[in-house]
Amino acid sequence: MFDARVFSTLWAIAVLFHYIKVGGQWSSTPATSLLIVLCAAALLCRPASLRLLISLSLLQIVNAAWKFLVLEQLQVSWFFTLLISTVLLRAIYTGREVWAEHAGPSLRAALLVLYFYAVLHKLNAGYFSADNRWPHQIMEAAPIIGPLYQGLGLEAYGAALSVGVEAMIFLALLLPALRPAGAILSFLLHSTLGYAGFTQFYLTFPLLLSFLPPAATRLPTAADLPAPARTVLLVLALLVMPVLAGLNSEIPGFTLLSKGLWLVTILPVVVILLRSLRTPGAVPRRPRLAELVLPGALAVWCFFPYLGLVMHPCGAMYSNLSVHSGQSNHFLLPASLQLDILHGELVEITASNWRRYPLHARVSERGLRHSLVTERQGGRTVDLRYRRGDEIITITDSVLEEESVWDHLPVITYNFPTSSSDFIVVAQHPGAPPGLDRRAEAVAHPAPTAAESPPASSRSPETQ
């Protein structure tokens, strides 16, 4: 069983980074963010407190559900936080004294599911296209790795290298004998991304404890301090943490401060990983069926893009996966898996100034109407026409005819072009004629008007 107090410490740190104010924007509403930051700061100072861990988990579940159902802005890291918080609550409920032992199998399974889909979703023509600059940007921004990557001339292999690293992490974590190596690879990946500014997946650091020898995970925490010292630390944390979380990235010294916090964050993980290399591992017990329910639900949910049901949030961030309108750019899973029965009637876009619904796309009318309402409520207008059977419907300024309550309900089961880049590459059979592997740019993504805003699903870096 991993050290529960060390887990709570790393979880609190990860939550603080998850809610930090980036680019002048709070991750949630300011009031909600401050409340969760204060709770996480308190847990950091009192990691043995089950009440604080329960409170933090409940706050994150409520906040993630609100973002999911009301704002429809739940990125994959929020969805993963929702799942892990639920796992923690269930484990504490079933065994308050040994909750870490109950949580371990579920945490391991959830992280394996996430890495499996991080690899599977990227096996598509869009991710390996020369137009995809995302892997190169990450490689070039990484310390030490960036100069080596450029010096060896590996720019042409950026996509393959990124997929290869994630595949090695998944396989190593899957095999008990290789789990310390897999944990080290995972740490190197996410600490490098964190240095480049992508700190949302520091959430993986505490989860790695469940893959390591229990003895290696035991470190001193704030719980080992004398009571007066813990009180002073708690007061300081409650005063300082909201200030740190609310700092704007444009103030002088912000970069130096952020790099210093990055170093402080990774140091305990480095110590644990080094200790795990020389600590005999214990054979983990087989998970019970009940412990696999939540990770199993995550696995099913993340497969939904290939059924044409849901793209967001399904672990498809940065993948350039495109599964919609009877087409797919995936190398392995065919477009024939798509189901349209949950979408309502499919209609064809015949004129559009909106990138989310390009010309000639066949989309769900239910999802289309809901998206138009969402855009109008956000102060953005869209003009388009679509064909339903022999009928042509014209939409001006996002105004719908015969608008009903159904058009205002959250719709999470419609599919749409998922690539926020200006291309959709469709995977073709190796024997297909050359030049047919990409739809014309003018057809797939007509240029937006000056007033057009990018779709909500593409405004977050996690969904690209």
Would you tell me the accessible area of L244, worked out with a 1.4 angstrom probe on the heavy atoms of the protein chains, in Å² to the nearest 10?
40
Going by average Cβ neighbours within 10 Å, how do the peptides 140-151, 307-318, 183-194 rank, with the highest at the top?
307-318, 183-194, 140-151
Would you mind working out the magnitude of the charge dipole of segment 1-138 relative to its Cα centre, with +1 at each Lys and Arg C-beta and -1 at each Asp and Glu C-beta, to the nearest 20 Debye?
140
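Take T265, T394, T374 and sort them by solvent-accessible surface of the protein heavy atoms, 1.4 Å probe, largest at the top.
T394, T374, T265
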Can you tell me the dipole magnitude for segment 165-283 around its Cα centre, using point charges on the Cβ only (Lys, Arg +1; Asp, Glu -1), in Debye to the nearest 20?
320
Compute, for R96, the solvent-accessible surface of its heavy atoms (probe 1.4 Å) with the complete set of protein chains present, and express it in square angstrom to the nearest 10.
130
What distance in nm separates the two pseudo spin-label positions at L307 and E401, each 7 Å out from Cα along the beta-carbon direction?
3.4
Accessible area of M168 in the full protein assembly, 1.4 Å probe (Å², nearest 10):
100
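The values are calculated or read from the model by the stated rules, or taken from the named source; none is laboratory data. Computed from a prediction, not measured in an experiment: that's the story for all the values here. Glycine gets a Cβ as well: all are built from the backbone with ideal geometry, and neighbour counts include every protein chain shown. Accessible surface areas use protein heavy atoms only, side chains included; no ligands, DNA or RNA. Shrake-Rupley method; radii C 1.70, N 1.55, O 1.52, S 1.80 Å.
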